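Encoded as structure tokens, the structure appears first; notes follow it.
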Amino acid sequence: MSDITKTAEGLRARSESSGYALWLVLLAAAGTFALTMGVRQAMGLYLPAVNTSTGLGIGSVSLAFAFGQLWWGLTQPFAGAVADRVGAGRVIFIGVLLVVIGTVITPLMTSTAGLIFAIGVLGAGGAGMAGPSVLMAASTRLVPVDKRGMATGIVNAGGSVGQFAMAPIAIGLTAAVGWTASMQWLGLLALLALPAVWVLKGNSKVIAAAAAAASGTKTLTAREAVSQALATPSYRYLTIGFLVCGFHVAFLATHLPSVVAACGLPPEIGGWSLAMIGLFNIVGSVGMGWAVGRWRMKSLLSLVYAVRGLGVLAFLVAPKTPAVMLIFAALVGVTFLSTVPATAGLVAKMFGPANMAMLFGVAMLAHQIGGFLGAFLGGYMFEVTGSYDWVWYIDIALAAGAALINLPIREARLARRATAAVV
């Protein structure tokens with residue numbers, strides 16, 4: 001047996017033999033995602049204050065947030081490729097530091113270019129490096145195959161925990177010390193993710209090389225893996241649907257407090273609505289992690305997108321009261337990022353774990369192109385029309401399209417579970 005194969009089998013045995021190690025991995029990955037995602041998603045709460053302080057206008061400030069959505073996605077394929085080769089721990093370490101620096105200096109920026117640099121390049125880029133493509137690939141590498149679906153759901157739920165926790169923290173800090181110090185303290189909280197660097201260190205090179213040696217195939221280069229993925233129709237359908245998810249998520253994360261204000265509701269309802277999205281996304285993420293082991297993932301994705309579109313439609317015709325807003329936030333939360341475990345699972349199912357961080361990162365790039373459009377068009381359409389109605393209409397149409405485009409994905413049916421006892 002070769003040294004590569006022995007090393008790979010040792011890594012698998014270590015990850016599969018210890019329940020403590022499994023939960024330590026999930027705690028590290030989910031905790032990191034909670035901190036980076038929580039800080040990033042809470043930034044929308046500061047949008048009105050940043051606009052008032054700088055006097056740049058909601059459109060210009062929205063452009064900085066929109067660029068952050070795009071850059072968060074752009075960093076992930078490259079961060080994933082680096083993590084696949086040199087180790088997730090190093091990538092996460094740099095990402096966390098960038099999140100802290102970008103968030104701390106944002107209140108000091110007085111121009112659109114400065115906001116783009118702080119929010120978009122540093123903060124969002126760091127969150128992308130310490131984001132889902134790297135974290136989920138690291139978890140997939142370190143947990144047994146039969147637990148990967150639930151593991152990705154738990155890691156994804158970490159982002160929701162962060163959003164649920166960070167929104168009230170941001171509101172409380174702002175009331176106590178003002179929005180500038182509040183944002184800076186929020187950024188410093190991301191330093192709590194640094195211990196995860198040690199737990200998630202390592203890469204997939206050894207396991208990939210062992211798998212290739214056992215099967216008699218050669219390990220694909222990054223370029224070959226991306227070319228193979230883009231030539232696969234099912235992967236293209238998956239990424240197009242994920243683009244729609246990004247549009248919806250970024251629009252709400254950036255503009256929901258402004259939507260609340262446009263409905264004539266108190267500002268604190270905006271913060272609690274974001275918190276409700278985070279709370280119920282925990283339910284959606286863990287539920288999806290459980291469901292991917294029981295139903296085909298493409299069907300689950302179609303269902304999520306359809307429910308999302310129907311939820312927006314119901315919100316548009318409902319009276320805009322605090323109770324309705326919070327109920328809508330809860331429904332949105334269940335579907336908010338529950339697409340991620342199924343999308344990550346399909347990527348791993350199609351191409352294996354060797355290049356998963358990079359290939360899921362490419363899908364996340366599509367997600368964030370949609371995110372850029374959602375964040376930017378939200379502000380632009382509000383300035384032009386004085387309301388968010390047309391953005392909601394676009395969102396409903398896109399959700400219907402995403403529900404349909406996932407159906408042709410080629411995914412093998414799950415094996416039937418034994419339901420009868422052996423006589």
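Give me the distance in nm between label points sitting 7 Å out from Cα along the Cα-to-Cβ direction at residue 407 and residue 175, one decimal. Placing both labels 7 Å beyond Cα along the Cβ direction yields 4.8 nm. Excluding the site residues themselves, the longest part of the chain lacking any trypsin sites (Lys or Arg not before Pro) in a DSSP loop with at most 13 other Cβ atoms within 10 Å is 1-217.
What's the exposure ranking of 404, 56, 274, going from fewest to most Cβ atoms within 10 Å?
Values: 404 14, 56 20, 274 28.
The fewest-first ordering by Cβ neighbours comes to 404, 56, 274.
Listed values for region 23-36 are Karplus-derived 3J(HN,Hα) couplings in whole Hz (6.51 cos²θ - 1.76 cosθ + 1.60, θ = phi - 60°), namely 6, 5, 4, 5, 5, 5, 5, 5, x, 4, 5, 4, 6, 5, and x replaces Gly and Pro.
Compared with the dominant principal axis of the Cα atoms in the chain, helix 179-189 is inclined by about 10°.
For the chain, a crude dipole built from +1 on the beta carbon of Lys and Arg and -1 on the beta carbon of Asp and Glu, taken about the Cα centre, is about 1300 debye to the nearest 20. Taken over the chain, lysine pairs spaced eight or more positions apart, or on distinct chains, with alpha carbons under 23 Å apart number 12. For the pair residue 113 and residue 390, a Förster radius of 30 Å applied to the C-beta separation gives a FRET efficiency near 0.60, rounded to the nearest 0.05.
Projecting the Cα atoms of 384, 65, 130 onto the charge dipole of region 3-405 (Cβ charges, centred on the Cα centre) puts 130 farthest toward the positive pole.
Label positions at residue 194 and residue 146, each projected 7 Å from the Cα along the C-beta direction, are separated by 4.0 nm. In this structure, residue 24 and residue 223 have a Cβ-Cβ separation that, at R0 = 56 Å, corresponds to a calculated FRET efficiency of about 0.95. Calculated [222 nm] ellipticity per residue, helices only, for the chain: -26000 deg cm²/dmol; basis is -39500 (n - 2.57) per DSSP H run with n ≥ 4, divided by all residues, nearest 500. Above 29 Å lies some portion of the pair distances; for the chain, what is it as a whole percent of all C-alpha pairs? Result: 41 percent of Cα pairs exceed 29 Å.
Compared with the alpha-carbon gap, the fully stretched path from residue 323 to residue 295 is longer by 6.7 nm at 0.36 nm per residue.
Given the options 333, 304, 259, identify the residue whose Cα lies farthest towards the positive end of the charge dipole of the chain (+1 on Cβ of Lys, Arg; -1 on Cβ of Asp, Glu). With unit charges placed on the Cβ atoms, the residue in question is 304.
A short reminder: the numbers here are calculations on the coordinates, not readings from a lab. Here the structure is a predicted model, which means the values were calculated and not measured. Because the Cβ atoms are built from the backbone with ideal geometry, glycine has one as well, and the counts that use them run over all protein chains shown.
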